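The values are calculated or read from the model by the stated rules, or taken from the named source; none is laboratory data. In this text the structure is predicted, and so the values were computed from the model without any measurement. So basically every Cβ, Gly included, is an ideal-geometry build from the backbone, and we count neighbours across all protein chains shown. Accessible surface areas use protein heavy atoms only, side chains included; no ligands, DNA or RNA. Shrake-Rupley method; radii C 1.70, N 1.55, O 1.52, S 1.80 Å.
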Amino acid sequence: MTETYHRSRRSPYPLWFFIPAALVYGVLFLVPTVSSLWFSLTRWDLSTAEFIGLENFEQFFSEPFLVKGLVNTVIYAVTTSGLKTVCGLLLAVLLTGNIFARSFLRTLVFFPVLVSTIGIGITFTVMMHPTRGIINVTLETLGIPGPGWLTNPALALFSVALVDLWKGVGLATLIFIAGLAAISPEYYEAARIDGATRFQQFSRITLPLVRPATITVITLSLIGGLRSFDLIWAMTRGGPGFSSDVIASVIYKQYQAGFYGLSTAGNVILFALIAIIILPLTLWLNRREVEQ
């Protein structure tokens, strides 16, 4: 029995099952990643590549509009992630209570997640038109002057962030609903017997026990915000000026202009930015969860 057990433990055959996954991972991730790192150090086109070292990165951080895109990316990611986390949790608490048409409201909240991002971007671009859009027309009817949602440089990025919130809050709500469903009702019954108010139940029971869902929502929202491109491009194309440019839109513009090495360096910077923000944040959040 012991010899048979050790023979099965030493068997190399299970390792063969890793080969297809390793090949797919290598072809679709490792090879493009290493290639991007190399091409970011070159001045290249479709036929030639000249090694220039770190010049692309130096140029990236020396151009104000490129740095502006980097700053906007962080602002956009933090804004959308924070809003989705807060609004998703509040909606989840509401939609797990005993309210009228609860199933219909859950469907209504989640529906925008299923709609095309480009379609949503075009629709809200029309709705946010400064003179003919339904939002400003409605505000003018109420005697409130409508702002230039997408034409004011100070508002453009945050206007797109609000649309991103409307589209993505349904997924955050769904994750929080799953987290709330895992909390035993006995905790709330014991709290009510002890005379705890609804706010105390929320702060002392709901928030701590829904922490795994909170970590998931924050992580997914941050990654999505840092990688965001399609909604911003559909609504503002990075304008007016460079006020709503993010790294992804800057990369695309550099590709269009033929600066392939500079745009590849932007891809590497975006990859590094996501890793620098997400990995420490995830480790910190998970460590706090274990400590609690």
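Points worth noting:
- Leading residue by the ranking (nearest to Ile118 (Cα to Cα)) among those in the stretch 242-271 that are open to solvent by 40 Å² or more (accessible area, probe 1.4 Å) and either β-branched (Val, Ile, Thr) or not in a loop (DSSP other than H, G, I, E, B) (or both): Tyr252
- Total residues in the stretch 154-170 satisfying the condition of being closer than 15 Å to Ala234 by Cα and of a type in the set (Val, Ile, Thr): the figure is 2.
- Qualifying residue in the stretch 130-147 (condition: open to solvent by 30 Å² or more (accessible area, probe 1.4 Å), without any contact (Cβ under 8 Å) to a residue 12 or more places away in the chain, closer than 30 Å to Tyr188 by Cβ and not charged (D, E, K, R)): no
- Among the candidates Ser243, Ser249, the residue that is farther than 14 Å from Leu89 by Cβ, touching a residue at least 24 places away in the same chain (Cβ under 8 Å) and more than 18 Å from the chain's Cα centre (by Cα) is uniquely Ser243.
- Against the test of being at positive phi and either within 24 Å of the chain's Cα centre (by Cα) or of a type outside the set (A, V, I, L, M) (or both), the options Gly119, Gly143, Gly170 yield a single qualifying residue, Gly143.
- Options Ser103, Ser81; residue that is under 24 Å from Ile175 (Cα atoms), polar (S, T, N, Q) and open to solvent by less than 60 Å² (accessible area, probe 1.4 Å): Ser81
- Boolean, Thr151 is over 19 Å from Pro212 (Cα atoms), surrounded by fewer than 18 Cβ atoms within 10 Å (Cβ to Cβ) and free of Cβ contacts under 8 Å to residues at least 24 places away in the same chain: no
- Hits in the stretch 154-186 - residues which are surrounded by fewer than 16 Cβ atoms within 10 Å (Cβ to Cβ), part of a loop (DSSP other than H, G, I, E, B) and among the aliphatic types (A, V, I, L, M): Ala154, Ala182, Ile183
- Single residue of the stretch 272-285 satisfying the filter (β-branched (Val, Ile, Thr) and more than 22 Å from Ser62 (Cβ to Cβ)) that is least open to solvent (accessible area, probe 1.4 Å): Ile278
One line per residue, one yes/no per condition, for (1) buried (at least 17 other Cβ atoms within 10 Å of the Cβ); (2) under 22 Å from Phe61 (Cα atoms):
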{"position": "Ile205", "(1), (2)": "yes, no"}
{"position": "Pro208", "(1), (2)": "no, no"}
{"position": "Ala213", "(1), (2)": "yes, no"}
{"position": "Gly225", "(1), (2)": "yes, yes"}
{"position": "Asp230", "(1), (2)": "no, no"}
{"position": "Arg237", "(1), (2)": "no, yes"}
{"position": "Pro240", "(1), (2)": "no, yes"}
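- In summary, helices (runs of 4 or more DSSP H) completely within the stretch 1-117 and bearing 2 or more residues that are among the basic types (Lys, Arg) and either touching a helix residue (DSSP H, G or I) at 6+ places or on another chain (Cβ under 9 Å) or modelled with pLDDT under 95 (or both) occur at 2-10, 64-95, 102-114.
- Within the stretch 189-200, tally of residues that are buried (at least 16 other Cβ atoms within 10 Å of the Cβ) and in a helix (DSSP H, G or I): 1
- Test: residue in the stretch 122-129 that is within 11 Å of Met235 (Cβ to Cβ), open to solvent by 40 Å² or more (accessible area, probe 1.4 Å), among the polar types (S, T, N, Q) and part of a helix (DSSP H, G or I): yes
Quick grid of which residues meet (1) free of Cβ contacts under 8 Å to residues at least 40 places away in the same chain; (2) aliphatic (A, V, I, L, M):
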residue: Gln59; (1), (2): no, no
residue: Leu66; (1), (2): no, yes
residue: Asn72; (1), (2): no, no
residue: Tyr76; (1), (2): no, no
residue: Thr79; (1), (2): no, no
residue: Val86; (1), (2): yes, yes
residue: Ala92; (1), (2): no, yes
residue: Thr96; (1), (2): no, no
residue: Ser103; (1), (2): yes, no
